[in-house]
Amino acid sequence: MELKEMEAALEGILFAAGEPVGVERLCLTLDADRPTVDAVAQRLADQYSYERRGIRLLKLDNSFQLCSAPEYADLIRKAMESRRPARLSQPALEVLAIIAYYQPATRAYVDQIRGVDSSYTISLLLERDLIEESGRLAVPGRPILYRTTKNFLRSFGLGSLEELPELPNATTEDGQITMEMQAAVERLRQEQAGSGSPEEITDEELEQAARTLAEEERRQLADGV
C-alpha cells in the first residue's frame, strides 16, 4: 500500500471509529510496521495543522484519534449545544484534579484532602468515564483505587499524564509519600471504625496521625526493620 493511500485509509478508520484506535490494531489493519504507521499519522497531523483544517489528529499513549480543532471550539459548541453534556461542577473538578495528580487514589484520600465526603462526586466521574477503578489498596478493608481514563486525556486535550501542568513544590518522593499516606489514612479509619469509641477524630488529627504513621513506616523500611 502506497503512503498516500495509507494516509487516506488511516484517516477513514479514525473518522469512522470516533474514539481512540490502538496502534497495534492499525498496524494489523494497514499491514504496516509501527514506525510506518507513526510516520503516516504524523504526516496527517502536520497536514491538518498546517492547512488550518477543522480537525486534528491526537496521539493518546498507544492510540490515535481524530478530534475537532481547539480554535473552532466556540463554533462547534454553539452548533452542538443541545447535545453537550452538563459541565463539571467545581467539586467534580476538584476531585478529578486530586485523582489526576495523585493517582491511583482512594476515596478516603480524596476526602482527606477536600475535607468533605466525595462519594457522589466520584460516582459522577465514573459515569462520565473520566475515572475508573484500578485495583485495591493493600490495607484492611481493601479500599478501591481510582485513576483517570483515556477519555479524561481526550476531554482535556492531553496526549499523556506527563502533559499535566506541574504542581508547585513537587518532589520526586511525592508519589511514594502519597501511597504511604493513603495506606495510613485507610488503616486509621479502620481502627477508628473498629474501636467503637464515641470520640470523634477531626480531619486535622487524622491527617497528622497519618503523616506520623507514614514517616515511621518509611524510617523502619530504611533501617531494614
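Any read-out appearing in this document is the output of simple, stated calculations on the displayed coordinates, not a laboratory observation. Keep in mind the model is a prediction, meaning the values are calculated, not measured. Every residue, glycine as well, gets a Cβ built from its backbone with ideal geometry; the counts of neighbours run over all protein chains shown.
A Förster radius of 41 Å combined with the Cβ-Cβ distance from SER123 to THR29 puts the calculated FRET efficiency at roughly 0.65. Put simply, when 67-73, 122-128, 147-153 are sorted by average Cβ atoms within 10 angstrom per residue, most first, you get 147-153, 122-128, 67-73. Over the C-alpha trace of the stretch 4-111, radius of gyration and Dmax come out as 17.7, 53 angstrom.
Taking every alpha-carbon pair in the stretch 14-64 and binning the separations at 5 Å intervals from zero gives 4, 20, 29, 28, 13, 5, 0 percent. Dividing the convex hull volume of the alpha carbon atoms of the stretch 60-142 by its residue count gives 142 Å³ per residue.
Extending 7 Å from Cα along the Cβ direction at ASP61 and again at ILE76 yields two label points whose distance is 2.2 nm. Here's the list of lysines a cross-link from LYS150 could span, going by alpha-carbon distance under 17 Å and ignoring same-chain residues fewer than 8 apart: LYS59.
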